[in-house]
Amino acid sequence: HASFALLPVQADLNAAIAQLALGEADYAQQKATLDAGNLALDAAKKAIEAGQTSVADSQTEVAGAQSELDKGKEEYEKQYTESRQKMKEATEELNDKKRQLLKMQVPEWNVLDRSYIQSYEGLAQDADRVGAIGSVFPLIFFLVAALVSLTSITRMVEEQRMQVGTLKALGYENYEIAAKYICYALLASLAGGILGLILGQTILPRVIIRAYRILYYALPATKAPLHFWYSVSSVLIAVLCTTVAAFAACYRILAAVPAQLMRPEAPREGKRVFLEKWDWLWSRLNFSRKAAVRNMVRYKKRFFMTIFGIAASTALLLVGFGLKNSVNAIGERQFGKIQKYHAEILLDNNDVAPLEELEEVLKQDKDIKSYMYVYKAAMDVGKGDKTESAYLTVAEDSEGFAKYMNLKKRGDDKVYGIEDEGVVITEKLAKLLHVKAGDTIYMMDSENYRVKVKVNAVTENYFRHYIYMSVPQYEKLYGGEPSYNEILTINGKDTQEFENAMGEKYLALDAVSTILFNSAMERTISDMLKNMNLIIVVLIVSAALLAFVVLYNLNHINITERRRELASIKVLGFYDGELTMYVLRENLVLTVIGIVIGLVFGVILHRFVILTAELDMVMFGRTIRFSSYLFSILLTGIFAACVNGIMHYSLKKIDMVESLKSVE
């Protein structure tokens, strides 16, 4: 019973022990929690301390930022005030510009194509001029080709007169006989035409472009393709010239019967000549001269063909030498006789100090004899609907300007002065504008300011266009004194070394921008003359070939037609020299007549070529020198003498027996 009584107590004890174990476990857990809380508390304290430190720093930064903000507000207020003032001034200026804009007229827009570019238009005009010349010279050479073809075919047909008669007697039709000569002429002209068009269209264009490259140095490489229409038309005309001449020659000879063709052609019947009506002159001529006059009149075709050939040859020679004279006049007269100064010093600085320095250097330079200030400006000059570009020149001393420029009429020694009223313009400008002394022209500068002025005189000039005006006239038109921008100098030397040294000396000064020497343009003219010499050689060679071919053919026909006559004269006792003079008298007279006509025609042709070929800014000389006439006459005479020399040997070979024996 005591054991059973202890059981509840033991149970409670066990329960208490278990409860105690649970309590210890809970205590341990709570202690661990407390320790973790203490650690978290310590960390929180540290975080609070760090946060307090950060707050203090932030407060310091805020205080600094507030200070910067206060300064920024102060600067803003200052800038705002200044900006408002500037905006107000800009607004007032803008409103003022708007008011000015409202007062201005609406501008007119002009859209210009490349034809308004001066160099492009100049090149186009030059091409037109060459084309105009090309429309004349081919006509001359085609006429010459027809003449040469007619004489050559006529000579060939006449030489084969007996063969033609034999063929007709054997039963050949006229067209079959004529086809031989027509086909010969056709093939010869066709081959020559093809060769000529290839050489003409590949060589001559290159020569012309090379000459114009002096003025237009930026021209691209020359292209000379074969032009279809020119090629076909040229060859066709050449073929027609020869074939028609062959047909005409064959038609005349084939009209005769075979029996007549197989005999030599009867000499032409002599007739009274017009000189016989003037007995006082005819009676003074000896037998040989009378025979020469009758023979010339009797053979009219040879008469006119010889005169035409000699005249064309002389005219071509005179045109060639005249072209050289005309181009050479630019260098000879423009630089030295018209423009007497040697150099132009272009000013770049209008400040007083650089100009005084330049003035001092000019005064101390012993190689400069004299100098003068001038004002030069580009102007548009016109009358009516015609406008040209020119240079207005105003000299500080109008009377002393005659020392630097020779203003006079071409062909006259009268010198023009620059008067206080009116202007003096150059000859080519007057020609382009169709004005003369007493007319009124207008001038417009780069700012489109337009004035009208009277032309007092037209002066000789060959290069560029100029207007010469006095200082009082300029002040009246433009309301102020001219601003001199150039200095003209007359130098004591004109060598290349001196000009190079002068250029280096004056270009080093602040007041000088450029120095232009007249000798440089003279060298350009000289280069142009070198190309002109090639053209002259071509004309001389053409004239020589023309004279030789025409005279040789005509003389050969003359000897062939008169072989029996000349053989009879030889039988009568004429020596070879006398027989040659018998025929030579006729050629001499025809040569003299042809030369006289050729000189007249050459002057007209030279005038046409000069007026057609010259540029707008250049005027070629109009005068042909006496030496050119003399050289043209001498060369034509030399060509004729060469042909007549060949004729002398042909006359010596005439066989009297063969020429006079019966042909029955």
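The values are calculated or read from the model by the stated rules, or taken from the named source; none is laboratory data. Bear in mind that the values here come from a model prediction, so they are computed numbers and not experimental data. Methodologically, a virtual Cβ is constructed for each residue, glycine included, from the backbone with ideal geometry; neighbour enumeration extends over all protein chains shown. For accessibility, only protein heavy atoms count, side chains too; no ligands or nucleic acids. Shrake-Rupley method; radii C 1.70, N 1.55, O 1.52, S 1.80 Å.
Side notes on the structure shown:
- Spin-label pair Ala11/Ile237, simplified geometry with 7 Å Cα→Cβ offset, distance in nm: 15.7 nm
- Computed lengthening from Glu49 to Val538, 0.36 nm per intervening residue step minus Cα-Cα distance: 164.5 nm
- Full-stretch length increase - Ala256, Glu89 - with 0.36 nm per residue and alpha-carbon distance subtracted: 49.0 nm
- Sites Lys337 and Glu419, calculated FRET efficiency, Cβ-Cβ separation with R0 30 Å, nearest 0.05: 0.85
- Centroid-to-centroid separation of the stretch 402-440 and the stretch 51-95 [C-alpha atoms, Å]: 76 Å
- In this label model, Ala291 and Phe608 are separated by 4.1 nm, measuring between points 7 Å along each Cα→Cβ vector.
- Distance between modelled label sites at Asp439 and Tyr575, nm, 7 Å Cα→Cβ extension: 6.9 nm
- Residue-span extension gain [Tyr230 to Asp412] - 0.36 nm each, minus C-alpha spacing: 60.9 nm
- Contact order normalised by residue count of the chain, Cα under 8 Å, 6+ apart, percent: 19 percent
- Zone of Ala63's modelled label, taken as backbone nitrogen in the stretch 38-56 under 20 Å from a point 7 Å along Cα→Cβ: 50-56
- Legend: calculated FRET efficiency, Arg263 to Tyr649, from the Cβ-Cβ distance at R0 = 22 Å, rounded to 0.05, equals 0.20.
- Projected onto planes of every orientation and averaged, the convex hull of the alpha-carbon atoms in the stretch 448-594 covers 19.4 nm².
- The calculated FRET efficiency for the pair Thr387 and Arg523, based on their C-beta separation and a Förster distance of 35 Å, comes to about 0.65.
- Counting every C-alpha pair in the chain, the share spaced more than 35 angstrom apart comes to 67%.
- Heavy-atom accessible surface of the stretch 1-91: percent carbon and sulfur, 1.4 Å: 62 percent
- For the chain, hydrophobic long helices are taken as DSSP H runs at least 15 Å long by C-alpha position along their axis with mean Kyte-Doolittle hydropathy of 0.5 or more; these are 137-159, 174-202, 228-254, 300-329, 518-561, 576-613, 626-652.
- Per residue, the chain exposes 60 Å² of solvent-accessible protein surface, assessed with a 1.4 angstrom probe and all protein chains in place.
- Estimated 222 nm signal from helices in the chain, with DSSP H stretches of n ≥ 4 weighted -39500 (n - 2.57), rounded to 500: -22500 deg cm²/dmol
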